[in-house]
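Notes to accompany the following structure.
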Amino acid sequence: MPMMREAKALLAHLPKAELLWASPREVLNLVQAEQVGCDIITVTTDILNKVALLGKDLDQFSLETVKMFHSDAQAAGFKLI
């Protein structure tokens, strides 16, 4: 992020220049790009599909994850004791 902040500052006097954040690897990078003030960010479908998880209640998310694992185990024929 420090380099992106510096790049944004260097572009400040160039009104037609825009800062691009290319190929984010995780959803956190979207938050970071916004904090830096990026004008453009390229996003894969995989990352874009995870945007809805931002701000989600972590207790609820954890419960949903446990239920998913339980369901997957049952579907695979495992018995949980």
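Step by step: first the residues of the range 46-81, then only those that are among the β-branched types (V, I, T) and over 16 Å from V27 (Cα atoms), then the one that is modelled with the lowest pLDDT. Which residue is that? The residue in question is I81. The residue pairs whose first member lies in the range 57-81 and is free of Cβ contacts under 8 Å to residues at least 12 places away in the same chain, whose second member is in a loop (DSSP other than H, G, I, E, B) and exposed (fewer than 10 other Cβ atoms within 10 Å of the Cβ), and whose beta carbons are closer than 7 Å, counting only pairs six or more residues apart or on different chains, are H70/L80; A73/L80. The set of residues in the range 50-64 that are surrounded by 10 or more Cβ atoms within 10 Å (Cβ to Cβ) and among the aliphatic types (A, V, I, L, M) comprises V51, L54, L63. Taking every residue in the range 5-25 that is farther than 14 Å from Q35 by Cβ and pairing it with any residue that is of a type in the set (A, V, I, L, M) and part of a loop (DSSP other than H, G, I, E, B), at least 6 positions away or on another chain, the pairs with Cβ-Cβ distances below 6 Å are L11/A17; L11/L19.
Within the range 26-49, the only residue that satisfies the criterion of being among the charged types (D, E, K, R), exposed (fewer than 12 other Cβ atoms within 10 Å of the Cβ) and touching a residue at least 12 places away in the same chain (Cβ under 8 Å) is E26.
The values are calculated or read from the model by the stated rules, or taken from the named source; none is laboratory data. Source: prediction; values computed, not measured. Backbone-built Cβ (ideal geometry, glycine too); neighbour counts: all protein chains shown.
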